[in-house]
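Heads up, the thing below is written out as structure tokens.
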Ligand code: ATP
């Protein structure tokens, strides 16, 4: 089963074709990475999938619904965390969590407590006083603890130091497994993607170059290395 299926999904901005006839499937339960350089079309693709942008042509099915028709019911099952996450800076971490808890009926307090400990988040600190890494963790916690069926992360690792990144990766995988959440993320960092994702789609200038399981891809690279060594 696929939680997302796109069919020649296309988005133009005037003369720029940010996403060109993208056809791909994201299996339910996977950690799926859109890999690509700056400007490859990753953010545009993610925004098309969560109905923050409309396609110029083609279509996408997300949670079995056309992305253009995603309603409150489906959106309540999708978490979206972007690189430039906007959180209310005056709130403390605890107040943010109180707010989220009241908002999402599926909020899981056990998972919240696990992630709070795992991320080492200071509950009574105002969000505006948090480092970028801490802020990303708070955003991730508030997106994961309501157990969304789909979590969309736009460049979650950009600008994070390695320690925060490792915490973040471990917390993400743990919570995704516990919450049975499918994760779709974008990244330009191949090492990060290899470590985290079980499926990879490479985007170049808005076009899909290939989509493969990480295992098959790594096997292919290993074979090339062996062939080069043996040459
Ligand atoms: P980055 O990591 O730099 O955000 P990306 O892979 O996410 O890169 P997109 O942000 O999707 O790429 O951009 C793809 C292309 O579409 C780029 O050439 C970008 O300049 C262009 N683009 C994106 N949004 C707009 C917009 N609102 N108006 C005009 N062009 C845009």
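Values quoted throughout were computed directly from the atomic coordinates according to the rules given, and no laboratory measurement underlies them. Keep in mind that this is a model prediction, so the values were computed, not measured. Methodologically, a virtual Cβ is constructed for each residue, glycine included, from the backbone with ideal geometry; neighbour enumeration extends over all protein chains shown.
Values for this structure:
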read-out: Convex hull of segment 118-164 built on C-alpha atoms - directionally averaged projected area, nm²; value: 3.8 nm²
read-out: Global size of the chain as Cα Rg and Dmax, reported in angstrom; value: 18.1, 63
read-out: Computed E for residue 87/residue 218 - FRET, C-beta separation, R0 35 angstrom, nearest 0.05; value: 0.45
read-out: Computed E for residue 188/residue 102 - FRET, C-beta separation, R0 41 angstrom, nearest 0.05; value: 0.65
read-out: Per-pair calculated FRET efficiency, R0 = 35 Å: residue 65 and residue 123 via Cβ, rounded to 0.05; value: 0.45
read-out: Alpha-carbon centroids, segment 68-122 and segment 1-52: separation in whole Å; value: 24 Å
read-out: Taking N as its residue count, the alpha carbon Rg of segment 167-210 over 2.2 N^0.38 Å; value: 1.29
read-out: Over segment 17-57: Kirkwood hydrodynamic radius from C-alpha pairwise inverse distances, Å; value: 11.3 Å
read-out: Potential extension, residue 109-residue 95 segment - 0.36 nm per residue separation minus Cα distance; value: 3.6 nm
read-out: Diffusion coefficient, µm² s⁻¹, Stokes-Einstein with Kirkwood Rh over alpha-carbon pairs of segment 45-129 at 10 °C and 1.306 mPa s; value: 105 µm²/s
read-out: Coordinate range along principal axes, alpha carbons of segment 119-222, Å, largest first; value: 48, 27, 26
read-out: Nearest-ten-degree value, helix 109-119 long axis tilted from longest Cα axis of the chain; value: 70 degrees
